[in-house]
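Everything below concerns the one structure shown next.
The values are calculated or read from the model by the stated rules, or taken from the named source; none is laboratory data. These numbers were taken from a predicted model, which means no experiment stands behind them. Counting neighbours? That spans all protein chains shown, and the Cβs are built from the backbone with ideal geometry, glycine included.
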Amino acid sequence: MSRRGWWLIAGCVLVSLAILAGCGRLWQREVQAYIEAPFPAKLSAWHLFTAHSPALQPNRGVIPYDLNTPLFSDYSDKFRFVWMPPGTSARYADDGPFEFPVGTVLAKTFAFPLGVQGADKLIETRLLVHAKTGWVALPYIWDNRQNDATLQLVPDPVPVKWTDRAGKPHDFTYVIPNANECRECHDNQKVLLPIGPKARNLNKDYAYADGAENQLVRWNRLGYLQGLPAVSTRPIAAKWNDPGSGSLAQRARAYLDNNCAHCHQPGGQAGYTGVDFRLTQTDLAHQGLCKSPNSAGEVGALRHDLVPGHPDESILIYRLESTAPKVSMPPLGRDVVHEEGVDLLSQWITSLPGRCGGASDRTRLP
Amino acid sequence: MKRASWWAVCGVLAGVFLLSSCARQAPEDFQKSLQEQLINAKAGDIVNLPEGKFHFDRTLSLTANGVTIRGKGMEKTILSFAGQKTGAQGVLVKASDFTIEDVAIEDTAGDGLTIQGGTNIIVRRVRTEWTRGPNSANGPYGIYPVECKNLLVEDSVARGAADAGVYVGQSENVIIRRNRSEFNVDGYELENSENLDAYENVATHNTGGMGIFNLPNLPKQGGRHVRAFNNQLIDNNTSNFAPKSLGPIYYLPTGTGMYVMAIRDVEIFNNNIQNNNTVNLYIINYKTGVDEDSLRDTAASPITQQVFAPEDKRFDPFVRDVSIHDNDISGGGQSPDNRVTGVKVLAAALGGKLPDILYDGIVDPTWGRGGANQGQVCLSANGAATFLNFDAAGQMKHPVQDVKQYGCSLAPLTAVSLPQSTGNTAAGQK
């Protein structure tokens, strides 16, 4: 073959490669949802993010969100994103989580300020995927170089050592739940469900790249949410650490709602205890007021879940202040005590009127 | 050296290296790979565990149906949870068609083996143990199936539980056989369960041997139809070591052979119940069995009043239709547990000792049955066992010592049969 022929072939190959590469990039630009096993080993295969340093950059259609009162997770920073297949939307629900379409991906990334000058280091990204057969939980663990995260059904614990803004040192072992343990919190009557994305928790402004907007409004505007009712009827949970957002009781109950109610509600893993911490449960007796526990748990010498005026006599506080396996609540996903959360609930219990009857009533003793 | 020799040396070295690296497998690796195996398990899978002692620092869980976990023997394959950091249970199963056999679970923070809400469950030759012996900081339960259906627990061993060694709660169609329970607070607790056979079990050196009862405040009520036969409940005199926080069990008198509380349709026969120092057999109403503090607390709790109201007929505190026959009951009540107020008062009134069989005689006034034995508690052919109805409802004013007044008989209860039970299903048939 002539030299010219060789050049021609080489040129064709180069052009083909360039086209292929271009296509590859085009494919990569769209989120790829997997709705049945096997699920990809790498987080990058989902194409949820276009970059992850210095911060996670969502891909097209991936919307960041946060919650009025989040679950406490060892003081980690959390970055939440939602994606739904084009043309689909979630159905609004007043109380429980929205009804998300098949293919929905909820991504929550946990990070600690372990990097240079307190920059966040990504630890894990948990995907909740609405697969064909229902929701599945997929824990992806970030590699040390922060290049990508790998699906690990049984992740190793991570030693975490950092200093917060107030100068307080944190040094503990962060335990990442395994795929079975995800269900301990997310199962309700043996069905795995999302916990956070409820109307009352999403009903807040978020500072998007193009400006602040109410999350429910934005989801609705972008076609991710249908059935949104009038503004006045949308429930709103208090922000646990913002006194401007609600009364002490409202903030305490919002904290219990999103930290405890996923188990402590009828049908939840701890429904049998009779305690219902949902914000919609307005009867304090069902939230443990003067209630003695009916199941075996390590409660010291204490007799009641909530003793009005006496946080130190309340089992709720005793268990939130512990990190021992038999005692601590929640039993999973908390390896350090949430001091500020305990303060809030203690203040609330101190403010409760009345007293408990029964055998432990100290006021009867001389 | 020739080149071939170099190769040989190299091969040997490589072999040694490989072998040593296998032997040095880190304990976390076993924990992790086993947990992975359980998460990925599919129906029909058998997860084989090798011989050896393996350390775990967090709960091992299974949610897939149809899985078998099989060790090499309960003295050979040991899952040790000493120093457990995460989760309270050792092995936590929320699945059906599950079998676990030939394995030991030791020193868990909370319960040893929990099986929740499963159908067709077999626990076979499993040992749960707290190796330091009786201690109030031990986990409450050894083998703990709850809300199960078609459950078989056999040839297993439980030691050191701060509540019950072998517990069955809120379950249906159950066989508990040939197990050994010792050095626990309670040997066996058969609670709020229906259609249950317990036979050829041994309970010794516990605080109490076996309890057959219903408790309020639990979702499943109405436990009944329980047969206990060919069991050995002997010398259960280990001082009660339950922490107060565990509730009523704290008040179980040390030296209780068997107690039957707040339940109906029970048949107890061919058992040896001997040398239990408070009482060999205790037949009681819920209020007699549960301490005043607990009762007052429960009654005062607003949630009890709303959710489990006292008039809620789902809970029946009375005991009735109990047939107790052909047992060898002897040597009981020689040194009653004075720590428990009711026992202390009774023993003082009787000169410091108690009879083999105690019945509180409390009957529901609304039954309206005539005669001295409205509760149909029937006792016959129990050797020389001494007896007392201490008339708890009437402030002990009309005690009855003559067991012949209770010489009625009830129709035998039918045997339990399980789909997964092989052999011995006819055991205990007369």
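Can you find even one residue in segment A:242-253 that is at negative phi, surrounded by fewer than 21 Cβ atoms within 10 Å (Cβ to Cβ), in a helix (DSSP H, G or I) and modelled with pLDDT under 95? No - not one qualifying residue is present in segment A:242-253.
So that you can scan it fast, the table gives a plain yes or no per residue for (1) outside any loop (DSSP other than H, G, I, E, B); (2) surrounded by fewer than 22 Cβ atoms within 10 Å (Cβ to Cβ); (3) more than 9 Å from chain B (Cβ to nearest Cβ):
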| position | (1), (2), (3) |
| --- | --- |
| A:285 | yes, yes, no |
| A:298 | no, no, no |
| A:309 | no, yes, yes |
| A:319 | yes, yes, yes |
| A:324 | no, yes, no |
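Contact map, segment B:393-407: first residue touching a residue at least 12 places away in the same chain (Cβ under 8 Å), second residue surrounded by fewer than 16 Cβ atoms within 10 Å (Cβ to Cβ) and in a loop (DSSP other than H, G, I, E, B), Cβ cut-off under 7 Å, separation 6 or more or different chains; pairs are B:405/B:372. The number of residues in segment A:94-110 that are at pLDDT below 95 and either part of a helix (DSSP H, G or I) or touching a strand residue (DSSP E or B) at 6+ places or on another chain (Cβ under 6 Å) (or both) comes to 1. Of the strands (runs of 3 or more DSSP E) contained entirely in segment A:154-218, those carrying at least 3 residues that are under 20 Å from the mean Cα position of the chain (by Cα) fall at A:205-208. Taking the listed residues B:182, B:172, the one that is more than 22 Å from residue B:316 (Cα to Cα) and surrounded by fewer than 22 Cβ atoms within 10 Å (Cβ to Cβ) is B:182, with no other qualifying.
Return yes or no: is residue B:142 modelled with pLDDT of 95 or more, out of contact with any His (no Cβ under 7 Å at 6 or more places or on another chain), farther than 22 Å from residue B:317 by Cα and within 14 Å of chain A (Cβ to nearest Cβ)? Considered against the rule, which asks whether it is modelled with pLDDT of 95 or more, out of contact with any His (no Cβ under 7 Å at 6 or more places or on another chain), farther than 22 Å from residue B:317 by Cα and within 14 Å of chain A (Cβ to nearest Cβ), residue B:142 comes out as yes.
Exactly one residue out of B:197, B:265 is in a strand (DSSP E or B), surrounded by 23 or more Cβ atoms within 10 Å (Cβ to Cβ) and not polar (S, T, N, Q): that is B:197. Might you let me know whether segment A:158-165 holds any residue that is modelled with pLDDT of 90 or more and acidic (Asp, Glu)? No, there is no match, as no residue in segment A:158-165 is modelled with pLDDT of 90 or more and acidic (Asp, Glu).
Of the strands (runs of 3 or more DSSP E) lying entirely inside segment B:29-97, those containing at least 3 residues that are within 19 Å of residue B:111 (Cβ to Cβ), in contact with a strand residue (DSSP E or B) (Cβ under 8 Å, 6 or more places away or on another chain) and within 14 Å of chain A (Cβ to nearest Cβ) are B:58-62, B:86-93. Within segment A:170-219, restricting attention to residues that are within 13 Å of chain B (Cβ to nearest Cβ) and among the aromatic types (Phe, Trp, Tyr), the residue that is farthest from residue A:254 (Cα to Cα) is A:172.
State which residue is nearest to the other protein chains (Cβ to nearest Cβ) when the search covers only segment B:122-139 and only residues that are without any contact (Cβ under 8 Å) to a residue 40 or more places away in the chain and part of a strand (DSSP E or B). Looking at residues that are without any contact (Cβ under 8 Å) to a residue 40 or more places away in the chain and part of a strand (DSSP E or B), I get B:128.
When B:381, B:372, B:348 are checked against the criterion of being on the phi > 0 side of the Ramachandran plot, of a type in the set (Gly, Ala, Ser) and surrounded by fewer than 22 Cβ atoms within 10 Å (Cβ to Cβ), B:381 stands alone in meeting it.
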